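For reference, the structure is listed below as structure tokens.
The values are calculated or read from the model by the stated rules, or taken from the named source; none is laboratory data. Bear in mind that the values here come from a model prediction, so they are computed numbers and not experimental data. As a convention, Cβ positions derive from the backbone with ideal geometry for all residues, glycine included, and neighbour counts pool all protein chains shown. SASA here: full protein model, heavy atoms, side chains in, ligands and nucleic acids out. Shrake-Rupley method; radii C 1.70, N 1.55, O 1.52, S 1.80 Å.
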Amino acid sequence: MAKYIFITGGVVSSLGKGLTAASIGRLLISRGLSIRMQKLDPYLNVDPGTMSPFQHGEVFVTDDGAETDLDLGHYERFTGQRTSRKSNYTAGRIYWEVLKKERRGDYLGGTVQMIPHITDEIKSGIRALDEEGVDVILCEIGGTVGDIEGLTFLEAIRQIGLEEGRENVMYIHLTYVPYITAAGEVKTKPSQQSVAKLREIGIVPDALICRTEVDLAPEVCRKLSLFCNVPEHAVIVEKDVAHNVYELPVVLSEQGLDDLIMVHLRLARPPAKLDEWRAMLERLIHPQGRVKIGVVGKYSELQDAYKSIFEAIEHGGLAHAHAVDIVKIPAEELEDGAAAERVTSVDGLLVPGGFGGRGVEGKIAAIQLAREHQIPFLGICLGLQCAVVEFARNVCGLAGAQSTEFDKETPHPVICLMEEQEHVKDMGGSMRLGASVAHLTPGSRVARTYGTERIEERHRHRYEVNPGYHAALQEKGLVLSGKDKGGHLVECIEIEAHPWFVATQFHPEFKSQPLEPHPLFRDFIGAALARREEK
Ligand code: GLN
């Protein structure tokens, strides 16, 4: 039977709870434990798939096609392990299940209540991860202690502590210790209050991880220990990392967090093996050079909207021991033909996925510049669709070519809905989602990059390259170098007479990891470096 670690957050959101959980996951794996990670989100959306990136950042897609919280991306990148539909539950999904059971009559005339019906459903969602051979389930509770909607989740994890026995369950609370400039000191009161809020519900944290921008003096840690009722050696300081979030596992391990976990959960394992991780950090922190990659997006002002893309780009640099400077280029600013030098001055150009017409003409303009100026280009999902539109208009001479997502009346619907999407009415969970197999043309750039002709990558889209235009596009030199199992849907395109021009209908960024950079990002950055050296 698995043991449990629950991670809660206090005081404010955006403390990096997901990164902290992911780092703990890395430490446990480095100690030879088999783990599963999970995020519980107390909001009422059934999943984040319908939420705007303005609200929620990126939607992370799992192999089994779940649209999930971006923290699952951190989990996968830090642990090298795949997550699944079972790794993310929202309150909406929990309530949905309970209400379906109520309608079926499963509760046999009983009154359906928060406790025990909602809490039981939450517990069964957590325990669903207790599979054969799993040592520890690491479960992060979204939001902040004290939120009304989080109460049932806290109640559920309290009950698990009671049911499994305290030596099998560990509660870790992430809190914020602010530095008040005017007073010239750090304040522990918010942490005291958020721990008090936890204790009110019956959870006594076994460790306190303190997010802070400054060093915490021993007397501050002593005070936190005393007022929060946590042993002094279990007060861990998580100061902002100096260079990169991937330092976090090392920072936590150096303060003994993983030892503490071993002792509390009665797990005897050798110390964490972090050699490979440290070697990766070394390359990250001391790069041999830099390369400049432009990302033409719709949400350029947002940190989280392209999370996995930015990470995968960094991993691509890591593969060449180079740091990447990401230049965020707002797509709309390229629409009137101005600002072209913003595109031509980068070493490589990436156009990521997206929905809706805003900025699409800017993306198309950027792709034309990349194609004509021989700038290495990687297009992803909408990025592929824009590349096809650009090629159709400017190389095949199909004036007015467009995706029917943006113009239903276009004379040349080079991107369109396929039969199976035509009649879809529901917005949630109804796209082509999750991993599927693609076959790559032998000898193509993508086949050489992957080193194989059969790949599995994750999808999240409705529209496809219109099969009616495949021949016209190919005739003019667009190579359709990857197709789905059936051979009808385009998965990859490339242009041979270009230093590096590749686009994919799937999302390679979801599978990239710091210890295993994705081959497409590796070679894209490699091509960008070659261009830089030429310059
Ligand atoms: N909006 C496009 C589609 O639905 C592209 C989706 C994406 O880039 N993820 O097909």
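For region 335-349, state whether one or more residues are surrounded by 19 or more Cβ atoms within 10 Å (Cβ to Cβ), among the small types (Gly, Ala, Ser) and either touching a residue at least 40 places away in the same chain (Cβ under 8 Å) or away from the ligand (no atom under 16 Å from the Cβ) (or both).
So far as region 335-349 goes, yes, one or more of its residues are surrounded by 19 or more Cβ atoms within 10 Å (Cβ to Cβ), among the small types (Gly, Ala, Ser) and either touching a residue at least 40 places away in the same chain (Cβ under 8 Å) or away from the ligand (no atom under 16 Å from the Cβ) (or both).
Of the conditions (1) more than 21 Å from the chain's Cα centre (by Cα); (2) closer than 28 Å to Leu28 by Cβ; (3) modelled with pLDDT of 95 or more, Ala321 satisfies every one except a single condition; which number is it?
Ala321 satisfies every listed condition except (2).
So if I check each of Tyr89, Tyr75, which one is surrounded by 24 or more Cβ atoms within 10 Å (Cβ to Cβ), within 19 Å of the chain's Cα centre (by Cα) and more than 21 Å from Phe310 (Cβ to Cβ)? Spell out how you get there, then give the answer.
On the way: Tyr75 fails: more than 21 Å from Phe310 (Cβ to Cβ).
That would be Tyr89, the only listed residue that is surrounded by 24 or more Cβ atoms within 10 Å (Cβ to Cβ), within 19 Å of the chain's Cα centre (by Cα) and more than 21 Å from Phe310 (Cβ to Cβ).
So the check is Cβ under 9 Å with 6+ separation or different chains; which pairs have a first residue in region 372-385 that's in a loop (DSSP other than H, G, I, E, B) and a second one that's within 13 Å of the ligand (Cβ to nearest atom) and hydroxyl-bearing (Ser, Thr, Tyr)?
Cys381/Thr504
Mind checking which pairs have a first residue in region 268-281 that is farther than 28 Å from Ala319 by Cα and a second that is in a helix (DSSP H, G or I), Cβ under 9 Å, 6 or more apart or different chains?
Going by the 9 Å Cβ cut-off, the qualifying pairs are Ala268/Met262; Arg269/Leu28; Arg269/Asp258; Arg269/Met262.
Could you look through region 150-202, keep only residues that are among the hydroxyl-bearing types (Ser, Thr, Tyr) and part of a helix (DSSP H, G or I), and pick out the one that is surrounded by the most Cβ atoms within 10 Å (Cβ to Cβ)? Write out each step before concluding.
Restricting attention to region 150-202, the residues satisfying the condition of being among the hydroxyl-bearing types (Ser, Thr, Tyr) are 152, 171, 175-176, 179, 181, 188, 191, 194.
Restricting the remaining residues to those that are part of a helix (DSSP H, G or I) gives 152, 191, 194.
Numbers: Thr152: 21, Ser191: 27, Ser194: 25.
Within region 150-202, the match that is surrounded by the most Cβ atoms within 10 Å (Cβ to Cβ) is Ser191.
Tally up the residues in region 408-429 that are without any contact (Cβ under 8 Å) to a residue 12 or more places away in the chain and either part of a loop (DSSP other than H, G, I, E, B) or within 11 Å of the ligand (Cβ to nearest atom) (or both), please.
Matching residues across region 408-429 total 6.
Looking at this structure, is Ala312 buried (at least 24 other Cβ atoms within 10 Å of the Cβ) and of a type in the set (Gly, Ala, Ser)?
yes
Is region 350-363 home to any residue that is part of a helix (DSSP H, G or I) and within 10 Å of the ligand (Cβ to nearest atom)? Break it down stepwise before answering.
Step one: list which residues in region 350-363 are part of a helix (DSSP H, G or I), which gives 360-363.
The next check asks that each one be within 10 Å of the ligand (Cβ to nearest atom); those that pass are 360.
Yes, that holds for at least one residue.
Within region 282-297, can one find any residue that is farther than 30 Å from Ile329 by Cα, open to solvent by 10 Å² or more (accessible area, probe 1.4 Å) and touching an Asp or Glu at 6+ places or on another chain (Cβ under 7 Å)? Can you show your working first?
Start the filter on region 282-297 by keeping residues that are farther than 30 Å from Ile329 by Cα, which leaves none.
Checked region 282-297: no residue is farther than 30 Å from Ile329 by Cα, open to solvent by 10 Å² or more (accessible area, probe 1.4 Å) and touching an Asp or Glu at 6+ places or on another chain (Cβ under 7 Å).
Out of all the residues in region 223-255, which are of a type in the set (D, E, K, R) and in contact (Cβ under 8 Å) with a residue 12 or more places away in the chain?
Selection gives Lys223, Glu238, Lys239, Asp240, Glu247.
Has region 440-463 got at least one residue that is open to solvent by 10 Å² or more (accessible area, probe 1.4 Å), assigned to a helix (DSSP H, G or I), closer than 24 Å to Ile313 by Cα and within 16 Å of the ligand (Cβ to nearest atom)?
no
Within region 323-334, which residues are open to solvent by less than 10 Å² (accessible area, probe 1.4 Å) and either assigned to a helix (DSSP H, G or I) or within 16 Å of the ligand (Cβ to nearest atom) (or both)?
Initial filter on region 323-334 (open to solvent by less than 10 Å² (accessible area, probe 1.4 Å)): 329, 331, 334.
Ala331, Leu334 - these are the residues of region 323-334 that are open to solvent by less than 10 Å² (accessible area, probe 1.4 Å) and either assigned to a helix (DSSP H, G or I) or within 16 Å of the ligand (Cβ to nearest atom) (or both).
Are any residues in region 389-407 within 14 Å of the ligand (Cβ to nearest atom) and not aromatic (Phe, Trp, Tyr), and if so, which ones?
Here is the first cut: in region 389-407, the residues within 14 Å of the ligand (Cβ to nearest atom) are 389, 402-407.
The answer is Val389, Gln402, Ser403, Thr404, Glu405, Asp407.
What are the pairs, 6+ residues apart or on separate chains, where a residue within region 35-63 that is without any contact (Cβ under 8 Å) to a residue 24 or more places away in the chain has its Cβ under 7 Å from a residue that is charged (D, E, K, R) and open to solvent by 10 Å² or more (accessible area, probe 1.4 Å)?
Sorted first by the residue in region 35-63, then by its partner, the list stays empty.
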